[in-house]
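To start, the structure itself, in structure tokens.
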Amino acid sequence: MKAIRANISRRDFLRGLGGTAVGTAIISSEVLVAGCAQSLSKQSSSAQNTESGPQSASFAQTSPGQKDTIRKGPARAIDVHHHYFPPELAEEIKRHGKALGVEAVAAKEGGDASFSFTFAGGPPRRPEPALAEVEKRLKVMEEGGILTAATYAATGDVGYGLDAERGENWCNLFNEGLQNLIKQHPKRFVGVALVPMQDPPRAAKVLERAIRDLKFSGAVIASNVNGKYYDSKEFDPFWKKAEELDVLIIMHPGDLPGAERMRSYGLRVVCGNPFDSTLSLGFMIYSGLFDRFPKLKLCLLHGGGFFPFHMGRFDQNFNIGAGREIPAVSRPSKYLQHLYFDNLVYRVETVDYLRRMVGTARVMVETDYPYELGDWKAAEKAEALDCSQAEKDAILFANAKRLLKLP
Ligand SMILES: [Zn+2]
């Protein structure tokens, strides 16, 4: 694996993202990429911006139920939902795009000149400049009481449409770029690896490298892989490795089914994201994934989608039994022991409902930085809960520390 170039300055990258036309990709034979090109039709445009845009205002609003919780003392929360795009990758794409299968898109004359690229000729992906920026991010973290962020790719950057070898290469490059950020700010960021789920044995390999060599703390996966859900046993090599390494897997919604019906009013992110997390978890639970891999630890985002609210419905469907052909041996709520949740539900009373449903030991803070549907003051929602300080501390940092194996 060729080491990623780290010598491009952030200013250069941000200039490229913000207003300088990106030239045609430079092809280099240095980069090892083989295999035939694969259609990217599955890398649908719905996967491109599953988070909505970055926040323009300082912070998300305080919820009606939130008490006055002006933070005193140093930031101490651990954020388990935090996105980043390594600036070095833009340079790599510009230089070696053809070989990578990830090509920069030349700006049209008079059109939007911000940096964009395509995965093997698929729809253009334009990473928001805030994804690659660091200084403002650190300020937002400090103001939001976040000491450390578990940091990973946005689902638009997973590259599942790449062929297996290019997918592996892309994930390794991404992870190396993320490691550069961690090296510069070791107390503020921990790495959550991108893995090529389009090829589960390679995903296992990339995960192992990220954990053992890059010292990452887990992996992020999308809620489906080019439309395929995790009831398929073809993903078993990845789950086996995750179990063996005893690492947290964070599942983020992306590439939403029916996205074309949710184009209006922001419904794709409001309804579509929690829906696909719920659907994906349903495939996992009912198919018996957690029976086959009893040590698996899975973190669900956006409060676990609709699952905590509809856990009884999931159970009832299992109880009906006949005709369902459900391989799982236990009712869905029994599998809570495998599941963890972020607190991206905005309202203190909803966070309280979540912790009562799933248990305080299973809830962690998130910001979904830098997206506008994130909650950059989510730590205050934990501080405002009507529970003991020990329980608040569990949600704020202790659960994440344990699961991410942080010192
Ligand atoms: Zn997110």
- [ ] Just report the Cα centroid separation between the stretch 382-407 and the stretch 338-367, whole Å.
- [x] 11 Å
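Just flag the GluC sites (Glu not before Pro) in the stretch 157-198 sitting in loop per DSSP whose Cβ has no more than 15 other Cβ atoms within 10 Å. Walk me through the numbers on the way to the answer.
Details: sites: Glu165, Glu168, Glu176; in loops: none.
Passing sites in the stretch 157-198 do not exist.
Give the residue list of trypsin sites (Lys or Arg not before Pro) in the stretch 307-382 that are DSSP loop and have at most 13 other beta-carbon atoms within 10 angstrom. Show your work: numbers first, answer last.
Values: sites: Arg313, Arg324, Lys334, Arg347, Arg355, Arg356, Arg362, Lys377, Lys381; in loops: Arg324, Arg347, Lys377.
Answer by residue number: Arg324.
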Task: Segments 152-162, 94-104, 116-126, 263-273 sorted - mean Cβ within 10 Å per residue, highest first - done: 152-162, 94-104, 116-126, 263-273
- [ ] Please work out how much length the chain gains when fully extended from Leu267 to Lys98, using 0.36 nm per residue of separation minus the C-alpha to C-alpha distance, in nm with one decimal.
- [x] 57.3 nm
TODO: Give me the lysines in straight-line cross-link reach of Lys297: C-alpha distance below 16 Å, same-chain residues under 8 apart excluded.
DONE: Lys240, Lys241, Lys334, Lys401, Lys405
Task: Additional length obtainable on full extension of the chain from Ala164 to Ala322, 0.36 nm per residue less Cα span - done: 53.0 nm
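What does the C-alpha gyration tensor say about the overall shape of the stretch 71-226? Classify as rounded when a/c is under 1.5, otherwise prolate if a/b is larger than b/c, or oblate. Spell out each step's value before the answer.
On the way: a/c = 2.17, a/b = 1.30, b/c = 1.66.
Oblate is the answer for the stretch 71-226, as a/c is 1.5 or above yet b/c matches or exceeds a/b.
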- [ ] Take the Cα coordinates of the stretch 273-343, assign each an equal point scatterer, and use the Debye formula without solvent to give log10 I(q)/I(0) at q = 0.19 Å⁻¹.
- [x] -0.71
Open item on the list: Could you give the length gained by full extension between Glu372 and Arg292, i.e. 0.36 nm per residue of separation minus their alpha carbon distance, to one decimal place?
Closed with: 25.0 nm
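Throughout, read-outs are computed from the coordinates displayed, never taken from laboratory work. Everything numeric here is computed off the predicted structure, so don't read it as measured data. Ideal geometry is used to build each Cβ from the backbone, glycine not excepted, and the neighbour counts take in all protein chains shown.
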